[in-house]
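Inspection log for the structure reproduced underneath, given as structure tokens.
The values are calculated or read from the model by the stated rules, or taken from the named source; none is laboratory data. Only a predicted model underlies this, so the values are computations on that prediction, with no experimental measurement involved. Using ideal geometry, Cβ is built from the backbone for each residue, glycine included, and neighbour counts are taken over all protein chains shown.
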Amino acid sequence: MNRRVVITGMGWITPLGHDIEGVWAAILRGESGIAATTLFDARTFPTRFSAEVKDFSLERFLGAEYSRHRDVARQTGFALAAATLAWRDAALDLAPTLDRTQVGVYLGGGEGPMDFDNFTAAAVDGWNYAENVLDTRRWAEVARARFREVTEAEQEPHMAAAHLACAFGVEGPNFNALTACAASTQAIGEATNIIRRGDAEVMISGGCHSMIHPFGVTGFNRLTALSTRNDSPTTASRPFDRTRDGFVLGEGAGVLILEELAHAQARGARILAEVTGYGSTADAFRITDIHEDGRGGIAAMRRALADARRRPEEVDYISAHGTGTQENDKIETLAIRGVFGPHAPKVPISSVKSMLGHLIAAAGACELITCVLAIRDGVIPPTMNYSTPDPLCDLDYVPNQARKARVRVCLSNSFGFGGQNDTLIVEAFDAAR
Amino acid sequence: MKKERVVITGMGVVTPVGLGIGETFDALVQKQCGIARITAFDPSRFAAQIAGEVKAAPIQDCVPKGYRKAVKVMARDIVLAVMAAYYAVRDARLKTKCVLERGEETGEPDVDSTRFGANIGAGLICADLNELAGALASVAERPEAATDRGFSMTRWGSEGMQNLTPLWLLKFLPNMLACHVTIVHDCQAPSNTITCGEASSHLAIGEAFRTLERGDADVCVCGGAESKLNPMGLMRQELMGRLVTDCNDRPEAACRPFDVCRGGMVIAEGGGLMILERLEHAQRRGARIYGEVVGFGAAASARHWIKPDPDGRALALAISKALRDAQISPEEIDLINPFGVGTSADDAAEAAAIRQVFGARAASIPVLATKGALGNCGAGSGAIDLAIGVMAMHRRVIPPCVTTRQVDPACGLRVICGEPVDSRAETMLSLARAMCGGQTAALVIRRSQA
């Protein structure tokens, strides 16, 4: 008897807001969460805008639980808030008999931002200009005086998963996968397998990240991966458009409650959708470039479809990785063609990164949530800012306007730096399947 | 659904006492200690000035010629992983892309690249401080001042960041360990990077075990690597109050797991990667089989994200799950491979977990503790420990923990110390716990019957 995995709750913290319905409505209207960067002084950076989470107060989400989590890093705060929403959405706060050793956590959580002011102070004060080397004796004195133990500990990428275990009192398997931009899609796929094989009944899964800090933007700017359309932030994220010039860095968290079907039914949970397929592969090609044939993406999509026992023709909607870089969108298109063949032009494809920006480790989870909502409401979110067709991106990207459609089976892609490819299949729940 | 059986056919480690599992294991049996004064940087103003350092890292001998340039963008953690992967693949006598390109074997690869997976644990990789601090210092407002030189964000954005290599970010993304390993050996099947501190290796190996068990791959390279041997890594642990600080003049006696007068942990660097393989695949290619992975369990502390449960509850949960998964009773475990990091609270909690599961037998099962000789290799430590434990079963001898003199009666464990002990161990339990985070994991390995 195969164990089936359903989604019973969802929550997210995004650049467009903090509640499922409000953000979803904004996405369907094509609104942008992108604006000038305010988290640090980016005036002279090549990229001066981003998709920040606005008006966020962790205390408002956690209430009495807040005080012991007050020192968390930014991304962990997003995860705690999103998980609180998801937990309530799944009515797990009302479940009287939950066996908490059977509830686990699997996040694709990013590392916390460095303690920037203190880090730079120690680095600069510790620098020996005469010998062009760091004087580690001097550095140690400054660092010891300035660094805070808790701030350093909270930077570890698995701290969000650890805080979730404590916040919800859950003692099951606890993981963090950090596979760059694919992390939360990976996490949800792996969590699905954990439930399927019986290692847990419920998994809190998704991702969280914030790289909108000087070193994060520096890293992506040096790679020339970010859009530099500083004069027009709201139209800067242009997936599949010929004039695309890079992705827009965002931040946030998306968390889903995954649950074994019988467990969900026994407690009378409302079932939002079913996760039926997952595929993970590595390009094994180059650290900087995607394999030119899209072989890793093709293999991930094929593995996910086979896992879900679905033919490509049965897919109603593809939530693309669609970052808005020249390379990604071209090769993702190629990979979709590789899997879907002549059927490819008939499948609606969109990228909500055109509105939310690229939430890096959190992207896949938030995008999967949009798939679940697309199934629920029979509407496909648009790819905004699409104006100039690219001959290398010649599929149906649902340009600029949400579209009504019957959506039963969705495929969601996430591809990470370093050639990590992950694909999920999520479907309308059908008890008779 | 039929589960595939999963065996260990290769082990590769890079540790402070040796390169490769043979060299490392021999050194431990000969009672060598890899902990010494830090040479990677001047540690004289740090409270702890000792570490388990990998002295020589001949990475160029572990990659194909055409890949040597890529070494420039490898953080130390990545170097350790790529080396460990090479040693593991060689130990398994697998003909991978790397081995063939290096001309060490001829013919075709003996593993299908689309059925060759990777699951590699990683830590929070520290940026190269010399590179980053130099770039930051280039835009200081008052470079001539002795203190408070001032950092200029506006000059950083306009010019300072240009001093970093374009690929700077890719040097320390955690998934770059798996990225380089998968490129070098051509592993295109399921791939993952687990970042759960010291539990990373065990979780990665456990998940690779599951991937093979359900038939999603034929072979997986899995484990982890990390180096905390840099000023940031050392300072972080100092601030957290975990380090032995009174043994700078006696490094070989510094880290004393489960000792009555243990005084903390010692940072280290290292990598460990295992080749896990479906039994049938291993048999078909006539591979040497060290042992079989038979059980995996994972859990978490729900009380605090850093402090260990005093009763070891989260670890005991992981152990129980792993034993249930292996369908064996606690009586069958005859070797314990603990986390044993050397801090008062962690060792006490771990011992409590072991006692909770094994009851009176806890005092008689041999315990193989490695960190007295190696220190804490972070995300790499679990796979290194596991490899040493598997080797102890394979060679029928348990290397002693030379630093532990008098086992804490409150711990109540039979830690092998002093001299190596002959062993007939057949079934090992291996444990790990993330010191920040509280994730726990347990693996059960059965010695090869062959």
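Filter region A:326-358 down to residues that are touching an Asp or Glu at 6+ places or on another chain (Cβ under 8 Å), of a type in the set (D, E, K, R) and surrounded by fewer than 22 Cβ atoms within 10 Å (Cβ to Cβ) and give me whichever is farthest from residue A:402 (Cα to Cα).
Here the answer is A:327.
Residues that are more than 12 Å from chain A (Cβ to nearest Cβ) and of a type in the set (A, V, I, L, M, F, W, C): does region B:40-52 have at least one?
For region B:40-52, residues more than 12 Å from chain A (Cβ to nearest Cβ) and of a type in the set (A, V, I, L, M, F, W, C): present.
Determine which single condition residue B:116 fails, assuming it passes every other condition in (1) without any contact (Cβ under 8 Å) to a residue 40 or more places away in the chain; (2) crowded, with 24+ Cβ neighbours inside 10 Å; (3) among the aromatic types (Phe, Trp, Tyr).
(1)
Of all residues in region A:360-419, which are part of a loop (DSSP other than H, G, I, E, B) and basic (Lys, Arg)? I'd like the intermediate steps shown before the answer.
First pass over region A:360-419, keeping only residues part of a loop (DSSP other than H, G, I, E, B): A:378, A:381-382, A:384-389, A:391-392, A:394-398, A:400-402, A:405-408, A:417-419.
Within region A:360-419, A:406, A:408 qualify.
Is there any pair with a first residue in region B:291-314 that is more than 23 Å from residue A:65 (Cβ to Cβ) and of a type in the set (D, E, K, R) and a second that is modelled with pLDDT of 95 or more and surrounded by 24 or more Cβ atoms within 10 Å (Cβ to Cβ) whose Cβ atoms are under 6 Å apart and which are 6 or more apart or on different chains, and what are they?
B:292/B:7
Looking only at residues in region B:205-222 that are among the small types (Gly, Ala, Ser) and surrounded by 24 or more Cβ atoms within 10 Å (Cβ to Cβ), which one is nearest to residue A:164 (Cα to Cα)?
Restricting to residues being among the small types (Gly, Ala, Ser) and surrounded by 24 or more Cβ atoms within 10 Å (Cβ to Cβ), the top hit is B:206.
In the list A:152, A:131, A:156, which residue meets the criterion of being out of contact with any Lys or Arg (no Cβ under 8 Å at 6 or more places or on another chain) and either of a type in the set (A, V, I, L, M, F, W, C) or within 7 Å of chain B (Cβ to nearest Cβ) (or both)?
Result of the check over A:152, A:131, A:156: A:156.
Of these, B:184, B:219, which one is at the interface with another protein chain (Cβ under 9 Å from one of its Cβ atoms) and not basic (Lys, Arg)?
Details: B:219 fails: at the interface with another protein chain (Cβ under 9 Å from one of its Cβ atoms).
Selected residue: B:184, the only one of B:184, B:219 that is at the interface with another protein chain (Cβ under 9 Å from one of its Cβ atoms) and not basic (Lys, Arg).
Scan region A:63-78 and tell me whether some residue there is touching a strand residue (DSSP E or B) at 6+ places or on another chain (Cβ under 9 Å), of a type in the set (Gly, Ala, Ser) and closer than 21 Å to residue A:17 by Cα.
yes
Taking region B:130-147, which residues are facing chain A (nearest Cβ under 7 Å) and either over 36 Å from the mean Cα position of the chain (by Cα) or surrounded by fewer than 19 Cβ atoms within 10 Å (Cβ to Cβ) (or both)?
B:130, B:140, B:143, B:147, listed by residue number.
If residue A:290 meets every condition in (1) touching a His at 6+ places or on another chain (Cβ under 9 Å); (2) within 14 Å of chain B (Cβ to nearest Cβ); (3) over 30 Å from residue A:2 (Cβ atoms) apart from one, which number is that one?
Residue A:290 satisfies every listed condition except (1).
Can you say whether residue B:345 is in contact (Cβ under 8 Å) with a residue 12 or more places away in the chain, surrounded by fewer than 18 Cβ atoms within 10 Å (Cβ to Cβ) and touching a Pro at 6+ places or on another chain (Cβ under 7 Å), as far as the supplied structure shows?
So residue B:345 fits the description; yes.
With respect to residue B:36, determine if the residue is touching a strand residue (DSSP E or B) at 6+ places or on another chain (Cβ under 9 Å), in the same structural domain as residue B:266 (by TED's automatic domain parsing), surrounded by fewer than 19 Cβ atoms within 10 Å (Cβ to Cβ) and modelled with pLDDT under 95.
Criteria not met by residue B:36.
Just to verify a result, which residue in region A:215-243, among those that are more than 29 Å from residue A:188 (Cα to Cα) and of a type in the set (Lys, Arg), is nearest to the other protein chains (Cβ to nearest Cβ)?
Per the criteria, the residue is A:222.
Restricting to region A:94-145, give me the number of residues that are part of a helix (DSSP H, G or I), small (Gly, Ala, Ser) and surrounded by fewer than 19 Cβ atoms within 10 Å (Cβ to Cβ).
To start, the set of residues in region A:94-145 that are part of a helix (DSSP H, G or I) comprises A:94, A:100-102, A:116-125, A:136-145.
Narrowing further to those that are small (Gly, Ala, Ser): A:121-123, A:140, A:143, A:145.
Remaining after also requiring surrounded by fewer than 19 Cβ atoms within 10 Å (Cβ to Cβ): A:145.
So the count comes out to 1.
Of (1) within 9 Å of chain A (Cβ to nearest Cβ); (2) at pLDDT below 95; (3) buried (at least 17 other Cβ atoms within 10 Å of the Cβ); (4) touching a helix residue (DSSP H, G or I) at 6+ places or on another chain (Cβ under 7 Å), residue B:127 satisfies all except one. Which?
With respect to (1) within 9 Å of chain A (Cβ to nearest Cβ); (2) at pLDDT below 95; (3) buried (at least 17 other Cβ atoms within 10 Å of the Cβ); (4) touching a helix residue (DSSP H, G or I) at 6+ places or on another chain (Cβ under 7 Å), residue B:127 is out only on (4).
Based on what the data block shows, is residue A:316 out of contact with any Phe, Trp or Tyr (no Cβ under 9 Å at 6 or more places or on another chain), in the same structural domain as residue A:337 (by TED's automatic domain parsing) and at pLDDT below 95?
Details: out of contact with any Phe, Trp or Tyr (no Cβ under 9 Å at 6 or more places or on another chain): yes; in the same structural domain as residue A:337 (by TED's automatic domain parsing): yes; at pLDDT below 95: no.
Spelling it out, it is not the case that residue A:316 is out of contact with any Phe, Trp or Tyr (no Cβ under 9 Å at 6 or more places or on another chain), in the same structural domain as residue A:337 (by TED's automatic domain parsing) and at pLDDT below 95.
For region A:159-184, give me each residue that is touching a strand residue (DSSP E or B) at 6+ places or on another chain (Cβ under 6 Å) and either among the small types (Gly, Ala, Ser) or not assigned by TED's automatic domain parsing to the domain that holds residue A:92 (or both).
Result: A:160, A:161, A:165, A:172, A:177, A:180, A:182, A:183, A:184.
I'd like to check something: does region A:237-247 contain any residue that is of a type outside the set (Phe, Trp, Tyr) and without any contact (Cβ under 8 Å) to a residue 12 or more places away in the chain?
Scanning region A:237-247 turns up no residue that is of a type outside the set (Phe, Trp, Tyr) and without any contact (Cβ under 8 Å) to a residue 12 or more places away in the chain.
Would you call residue A:260 within 14 Å of another protein chain (Cβ to nearest Cβ) and surrounded by fewer than 24 Cβ atoms within 10 Å (Cβ to Cβ)?
no
Given the condition touching a helix residue (DSSP H, G or I) at 6+ places or on another chain (Cβ under 7 Å), assigned to a strand (DSSP E or B) and not hydrophobic (A, V, I, L, M, F, W, C), answer yes or no: does some residue in region B:402-414 qualify?
yes
For region A:293-318, how many residues are small (Gly, Ala, Ser), under 26 Å from residue A:408 (Cβ atoms) and within 12 Å of another protein chain (Cβ to nearest Cβ)?
Residues in region A:293-318 being small (Gly, Ala, Ser), under 26 Å from residue A:408 (Cβ atoms) and within 12 Å of another protein chain (Cβ to nearest Cβ): 5 in total.
Yes/no per residue for (1) in a helix (DSSP H, G or I); (2) of a type in the set (Lys, Arg); (3) surrounded by 24 or more Cβ atoms within 10 Å (Cβ to Cβ); (4) more than 7 Å from chain A (Cβ to nearest Cβ):
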site: B:149; (1), (2), (3), (4): no, yes, no, no
site: B:155; (1), (2), (3), (4): yes, yes, no, yes
site: B:169; (1), (2), (3), (4): yes, no, yes, no
site: B:174; (1), (2), (3), (4): no, no, yes, no
site: B:177; (1), (2), (3), (4): yes, no, yes, yes
site: B:188; (1), (2), (3), (4): no, no, yes, no
site: B:203; (1), (2), (3), (4): yes, no, yes, no
site: B:232; (1), (2), (3), (4): yes, no, no, yes
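Does residue A:283 satisfy the condition of being farther than 30 Å from residue A:98 by Cβ, touching a Lys or Arg at 6+ places or on another chain (Cβ under 8 Å) and not β-branched (Val, Ile, Thr)?
Yes: the conditions hold for residue A:283.
Which one of B:372, B:438 is within 23 Å of the chain's Cα centre (by Cα), surrounded by 24 or more Cβ atoms within 10 Å (Cβ to Cβ), assigned by TED's automatic domain parsing to the domain that holds residue B:325 and at positive phi? Let's see the steps before the verdict.
Working: B:372 fails: at positive phi.
After ruling out the rest, the residue left standing is B:438.
Within region A:73-93, which residues are assigned to a loop (DSSP other than H, G, I, E, B) and either within 14 Å of chain B (Cβ to nearest Cβ) or crowded, with 24+ Cβ neighbours inside 10 Å (or both)?
Hits for region A:73-93 are A:73, A:90.
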